[in-house]
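Asker: Before I ask anything, let me first share the structure, which is written out below as C-alpha cells.
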Amino acid sequence: MKVLIVGSGGREHAIAWKVAQSEKVSKIYCAPGNAGIAALAECVPIGAMEFDKLVAFAKEKKIDLTIIGMDDPLVGGIVDVFEAEGLRVFGPRKNAAILEGSKSFSKDLMKKYNIPTASYEVFTDADAAVAYLKEKADFPIVLKADGLALGKGVLICNTLEEAIDGVRTIMTDKKFGTAGNTMVIEEFMTGREVSVLSFVDGDTIRIMTSAQDHKRAKDGDQGLNTGGMGTFSPSPFYTEEVDEFCRKYIYQATVDAMKAEGRPFKGIIFFGLMLTPKGPRVLEYNARFGDPEAQVVIPRMKNDIVEVMEACIDGTLSEIELQFEDNAAVCVVLASDGYPVSYEKGFPITGLDSVEKVDGYYVFHAGTKFNDQGQIVTNGGRVLGVVAKGCDLKQARLNAYSATTWIEFKNKYMRNDIGKAIDEAESN
C-alpha cells in the first residue's frame, strides 16, 4: 500500500512511525510533514487545507489510504472531498467532525442523549453573555470559544472581572477568530482530567489505553493554555470502575447518538474526561488523535494501525481487539522559550541521534524543518516530544527526563513536572 498522511506535527510523526511498521505499507508520503517525519516518509509541500491539491496528489501517486491527522481539515470536510473522488480516507466526514468543530453542538448532543457533562449555556451575543455572568454565574467558571482554537480557546475565570474580560477576548476582540462567534459558558468542574482515545466505525467503538495531558505552559499548571506540554500513559486514576462507567454511559452512547443524528462517526473519537466527585463527566470531544496523547498511546499499541484504520472505514471494527503493552510511557515536550505567546525559531538542534538509537526512547518532531545547510532547526513553539517507555510510570518519567538532557537547542524550554500526579496517585 501507498499511504498519505496529512499534517505536520508530533501526532503525525507518531502516526507515520506506526504506519511504517505495517507489513501492508510500501511507501509513505506526508503533506506537509516536518524534518522528523522526513526520515520515514516523502514529505510533499502541500498544506493540510489545500484539499484540491491533496486530492490531485493522491490520484497521481495512486494512494491507497489517506490518514487525516489534524482537526482543521477534518472539520473543513476533507474526508467528504476525498470520498467524492473515490479515494479511501481515514477520518470522520464533515457532519461528524462537528463533534469537535462546535462545542455548542457537542454540549447540546450530550444534553439530548443524557451523556454526563458540565451544565452550560450558549451565547452568540457578548452583552447577553455578560448579563448572564453578572446575574446567574457561580465562580470559578469556564468560557469556551465554540470553534477550533488550537487547544487554546478555553478560559478559566475566577472572578466576574476576569470573566467579562474573557468575553471581550473571545467574542469582541476575536482573539480566536471566528471560533469566538459563538461561546459556551460552562460550570467549572473539579477532579482529575483523563484523556481516552478510541477507534470508531460508525457502530462499534474500541477503546485505547488512557493518558493524561498537561496543557499549561509552566510548572504547577501555571501560565497560559498551550497545545500540550507533555503527557503520560496510562493514567493511574482511570480505574476499572471508571472504565465501566464510561463504557456504559459515555463511549457507546456517544457513537449511538451521532448515528441517531444522521452523523455516523468513523475515525478517532478523543474523550476528554473529568473524574469529578459525582463521577466521570465529558469535558470535550476531539475528532482525531490528541497531540501529544498520540505520542504515548501509539508506541504502546501492539496492533497494526493500518489494519485498525481500514476496519473503521469498512465497518468491521467489531472483529478487532485492541492490544496494548503492559508498561507505561511519558512524553516531555521541548518547546521554544516564550511559547505560546512569542518566540524565536531557526536554531539548530543537536543530540537527536543519541535518543533515537536507544530502544524504548523516541523523539517525535512537532515544529522542525531543515535549514539551507541541511541541519534540523526549530520551526515552532512546540519543537519536539521526547518519549520514553518504562516498566511503570515512575520509570518511564525518569527515562524521558533523562533523554531531554541529551538534546540541545538555543531557547529550549520544558516543564519539569510532567507526570507529577503519578507520585500523588502512589501516596493515595
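Asker: How many residues, within the range 1-27, are open to solvent by less than 40 Å² (accessible area, probe 1.4 Å), aliphatic (A, V, I, L, M) and over 21 Å from V81 (Cα atoms)?
Answerer: 5
Asker: If I ask for residues that are free of Cβ contacts under 8 Å to residues at least 40 places away in the same chain and of a type in the set (K, R), which ones from the range 85-131 would you list?
Answerer: Within the range 85-131, K94, K111 qualify.
Asker: Please go through the range 380-417 and pick out each residue that is part of a loop (DSSP other than H, G, I, E, B), open to solvent by 60 Å² or more (accessible area, probe 1.4 Å) and touching a residue at least 24 places away in the same chain (Cβ under 8 Å).
Answerer: Scanning the range 380-417 gives C391, D392, W406, K410, N416.
Asker: Sticking with this one: From the residues in the range 301-323 that are touching a helix residue (DSSP H, G or I) at 6+ places or on another chain (Cβ under 7 Å) and assigned to a helix (DSSP H, G or I), which one is farthest from V19 (Cα to Cα)?
Answerer: In this case the residue turns out to be E319.
Asker: If you don't mind, there's one more thing I want to ask. Consider the range 133-177. How many of its residues are open to solvent by 80 Å² or more (accessible area, probe 1.4 Å), more than 25 Å from D71 (Cα to Cα) and either basic (K, R) or in contact with a helix residue (DSSP H, G or I) (Cβ under 8 Å, 6 or more places away or on another chain) (or both)?
Answerer: 3
Asker: Could you list all residues from the range 359-379 that are part of a strand (DSSP E or B) and open to solvent by less than 30 Å² (accessible area, probe 1.4 Å)?
Answerer: V363, F364, H365, T368, V377, T378
Asker: With respect to V81, determine if the residue is farther than 29 Å from V332 by Cβ and either without any contact (Cβ under 8 Å) to a residue 40 or more places away in the chain or surrounded by 24 or more Cβ atoms within 10 Å (Cβ to Cβ) (or both).
Answerer: yes
Asker: In the range 22-29, is there at least one residue being among the β-branched types (V, I, T), without any contact (Cβ under 8 Å) to a residue 40 or more places away in the chain and more than 25 Å from G272 (Cβ to Cβ)?
Answerer: Scanning the range 22-29 turns up at least one residue that is among the β-branched types (V, I, T), without any contact (Cβ under 8 Å) to a residue 40 or more places away in the chain and more than 25 Å from G272 (Cβ to Cβ).
Asker: Continuing with the same structure: Looking at the range 203-227 only, could you name the residues that are among the aliphatic types (A, V, I, L, M) and either closer than 27 Å to K259 by Cα or surrounded by 20 or more Cβ atoms within 10 Å (Cβ to Cβ) (or both)?
Answerer: I205, I207, M208, A211, A217 - these are the residues of the range 203-227 that are among the aliphatic types (A, V, I, L, M) and either closer than 27 Å to K259 by Cα or surrounded by 20 or more Cβ atoms within 10 Å (Cβ to Cβ) (or both).
Asker: If you don't mind, there's one more thing I want to ask. Would you check which residues across the range 184-199 are at pLDDT below 95 and touching a helix residue (DSSP H, G or I) at 6+ places or on another chain (Cβ under 8 Å) and list them?
Answerer: Passing the criteria: only R192.
Asker: Which one is surrounded by the fewest Cβ atoms within 10 Å (Cβ to Cβ), of the residues in the range 51-71 that are touching a helix residue (DSSP H, G or I) at 6+ places or on another chain (Cβ under 9 Å) and among the acidic types (D, E)?
Answerer: Result: D52.
Asker: Assuming P292 fulfils every condition listed in (1) open to solvent by 10 Å² or more (accessible area, probe 1.4 Å); (2) closer than 30 Å to W17 by Cα apart from one, which condition is it?
Answerer: Among (1) open to solvent by 10 Å² or more (accessible area, probe 1.4 Å); (2) closer than 30 Å to W17 by Cα, the lone unmet condition for P292 is (1).
Asker: Does D127 count as over 20 Å from F188 (Cα atoms), among the acidic types (D, E) and not in a loop (DSSP other than H, G, I, E, B)?
Answerer: yes
Asker: Let me ask another. Identify, from the list L155, L133, L148, the residue that is under 24 Å from F289 (Cβ atoms) and of a type outside the set (V, I, T).
Answerer: So the residue among L155, L133, L148 that is under 24 Å from F289 (Cβ atoms) and of a type outside the set (V, I, T) is L148.
Asker: Filtering the range 332-358 down to residues that are without any contact (Cβ under 8 Å) to a residue 12 or more places away in the chain and charged (D, E, K, R), which residue is surrounded by the fewest Cβ atoms within 10 Å (Cβ to Cβ)?
Answerer: Among them, the one singled out is K357.
The values are calculated or read from the model by the stated rules, or taken from the named source; none is laboratory data. As the structure is a prediction and not an experimental result, all values here were calculated from the model. Here Cβ is always computed from backbone atoms with ideal geometry, including for glycine, and neighbour counts include all displayed protein chains. Remember, those area values only see protein heavy atoms, side chains included, never the ligands or the DNA or RNA. Shrake-Rupley method; radii C 1.70, N 1.55, O 1.52, S 1.80 Å.
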